[in-house]
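Take a look at the structure below.
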Amino acid sequence: YVYGNHLFSGMSEHAFGPGEPMTRAMLVTVLYQLAGAPRDELEAAGAQLTDVADDAWYAPYVRWAVDHGIASGTGSGAFNPNAQVTREQVVALLYSFTVHYLGLEASQGADLSGYQDAGQVSGWAVEAMAWAAARGVVSGSADGGAVNLNPGRSANRAEVAVMLRAFAET
């Protein structure tokens, strides 16, 4: 789905790398593609972050995401582009994309109390996680009988692909 819709490319000509980690830089690039690759917006983006070199492959996409309120830095003017994204970061960026870029109102989220690890969702991600759970963008996994969201676990390319498809279809 993500390859066919030009949201992701492969890690090489012959490998998709589903188990490979998804980084913050990769994810904002994917969101740009999901937005329809608006070239004029990309060229107009001017956000500056201390750890994003102007000649980095991801620099224009990071600037675009920051300028449109989709992503923000990680503090002290940095973006941390090569950091692996967690599941809660993915849904937070999808939520920001929906609200700040698409201009849609986020409706009521799910009650997270049924997830054993709901208390581990970071405060800044609770609303986004509830919104994503209500729409099936993120689902829990059964771990020994308990259902968990695993909010702090790194999301690999396959997991992000599944979340993106669910997001696009809703």
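A few comments on the model shown:
- For the pair residue 104 and residue 33, a Förster radius of 25 Å applied to the C-beta separation gives a FRET efficiency near 0.85, rounded to the nearest 0.05.
- Charge context of residue 44, other residues only, Cβ under 10 angstrom, K/R +1, D/E -1: -2
- Label-point separation, residue 20 to residue 168 (7 Å along Cα→Cβ), nm: 1.9
- Relative contact order %, region 1-97, counting alpha carbon pairs below 8 Å whose residues are six or more apart: 29
- Net charge contributed by nearby residues that have their C-beta within less than 15 Å of residue 109 (K/R +1, D/E -1): -3
- Other residues whose C-beta falls under 13 angstrom from the C-beta of residue 35 contribute a net charge of -2, scoring Lys and Arg +1 and Asp and Glu -1.
- Qualifying trypsin sites (Lys or Arg not before Pro) for region 121-170 [loop in DSSP, other Cβ within 10 Å: at most 16]: 153
- Between residue 147 and residue 74, the distance separating the two model label sites (each 7 Å from Cα on the Cα→Cβ line) works out to 3.2 nm.
- Excluding the site residues themselves, the longest part of the chain lacking any chymotrypsin sites (Phe, Trp or Tyr not before Pro) in a DSSP loop with at most 15 other Cβ atoms within 10 Å is 58-170.
- Take every Cα pair under 8 Å whose residues are at least 6 apart in sequence, average their separation, divide by the length of the chain, and the relative contact order is 24 percent.
- Relative to the dominant Cα principal axis of the chain, helix 126-135 is inclined by about 80°.
Bear in mind these aren't lab numbers, they're just calculated from the coordinates by the rules spelled out. Because the structure is a prediction, the values reported are computed rather than measured. Glycine gets a Cβ as well: all are built from the backbone with ideal geometry, and neighbour counts include every protein chain shown.
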